[in-house]
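Following: one structure in structure tokens, then a few remarks.
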Amino acid sequence: MPLSPDEIQRLARLARLAVSPEEGEAVRAQLNRVLNLIDEMRAVDTAGVEPMSHAVATAPGAGQRLRADAVTETDRHAEYQAVAPAVERGLYLVPKVIE
């Protein structure tokens, strides 16, 4: 169901957006593409497909693949602290900005 130019202006008003007629046509084309994609997804037969409780696979033995927890960067803490304007006991000191 494609959107009409009037519907685009109404949506823009509800969203409190200023949309010129030229921009309205571009927005209309983009929204119509999104709505067409939604219609395509609704047309897919999902009978027999059990809803997932989580995005990570829940099959036995399946899980999220994790990378190895290994340090890949060199420690440059001392270099960074050497050029900082104010440091105390390994912490960066910053001026108070909120009263």
Label of the coordinate-derived value, Kirkwood radius over Cα pairs in Å, listed as (1) 13.3; (2) 14.2; (3) 20.9: (3)
Note: LEU17 to ALA68 extended length (0.36 nm per residue) minus current alpha-carbon separation gives 13.7 nm
Using alpha-carbon coordinates, inclination of helix 5-14 to the longest axis of the chain, degrees: 40 degrees
To the nearest 10 degrees, how steeply does helix 21-43 sit against the main Cα axis of the chain, on a 0 to 90 scale? 90 degrees
Residue with peak Gaussian network fluctuation, the chain [Cα springs, cutoff 10 Å], from ALA26, ALA70, ALA12: ALA70
Top of ARG89, ARG67, ARG13 by mean-square fluctuation, Gaussian network on the chain, Cα under 10 Å: ARG89
Subtracting the Cα-Cα distance of SER53 and LYS96 from 0.36 nm times their residue separation yields 11.0 nm
Helix-derived mean residue ellipticity, 222 nm - over the chain, DSSP H n ≥ 4, -39500 (n - 2.57), to 500: -12500 deg cm²/dmol
Per the rule of 0.36 nm per residue minus the C-alpha distance, extending ARG89 to ALA43 adds in nm 10.3 nm
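Values quoted throughout were computed directly from the atomic coordinates according to the rules given, and no laboratory measurement underlies them. Not measured: the values here are computed from a predicted model.
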